[in-house]
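Read the structure below first, then the notes.
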């Protein structure tokens, strides 16, 4: 029950539970791009805790760090015809207080270091603008 309340407004309880189950299934069937990025950011490797396939409102974010309100999205070829939907989804997630970084899967495969450096840069911005990041998963030092 507490998980339902969580930190975010859930418009529809039934929808939220459906999304939680869908997210669980998606974690078991990650795309190659998601697996590659997850290997680089899991276990606080960048200094903050990321969750994969995290439900935020009525959406499932590829990766989210709740402590610094950062979402990382990877867009594969299935997103080519969904640009309007992705833009709307990003706006909603940003209204909820998250910063959204969006990358194409090809960017990740072509130069993962640029993607990781961009994420690190956003983490550093978030860390320096938040005087107290004693929340979920933040590691000092």
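The values are calculated or read from the model by the stated rules, or taken from the named source; none is laboratory data. Given the structure is predicted, the values throughout are model-derived calculations rather than measurements. Using ideal geometry, Cβ is built from the backbone for each residue, glycine included, and neighbour counts are taken over all protein chains shown.
Numerical summary
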read-out	value
Meets criteria (surrounded by 19 or more Cβ atoms within 10 Å (Cβ to Cβ), out of contact with any helix residue (DSSP H, G or I) (no Cβ under 7 Å at 6 or more places or on another chain) and modelled with pLDDT under 95) for residue 34	yes
Residue among 116, 123, 93 that is within 16 Å of residue 47 (Cα to Cα), modelled with pLDDT of 75 or more and under 13 Å from the mean Cα position of the chain (by Cα)	123
Top-ranked residue of the stretch 126-135 - restricted to ones that are part of a helix (DSSP H, G or I) and loosely packed, with under 11 Cβ neighbours inside 10 Å, ranked as modelled with the highest pLDDT	128
Top-ranked residue of the stretch 42-55 - restricted to ones that are outside any loop (DSSP other than H, G, I, E, B) and surrounded by fewer than 21 Cβ atoms within 10 Å (Cβ to Cβ), ranked as modelled with the lowest pLDDT	54
Residue satisfying condition, being farther than 22 Å from residue 125 by Cβ, modelled with pLDDT of 90 or more and not in a loop (DSSP other than H, G, I, E, B), within set 18, 109	109
Checklist (1) at pLDDT 95 or above; (2) assigned to a helix (DSSP H, G or I) applied to residue 26, failing item	(1)
Residue selected from the stretch 80-90 under the condition in a helix (DSSP H, G or I) and farther than 14 Å from residue 60 by Cα, by the criterion modelled with the highest pLDDT	87
Candidates 100, 72, filtered to the one that is over 17 Å from residue 38 (Cβ atoms), modelled with pLDDT of 95 or more and surrounded by 13 or more Cβ atoms within 10 Å (Cβ to Cβ)	100
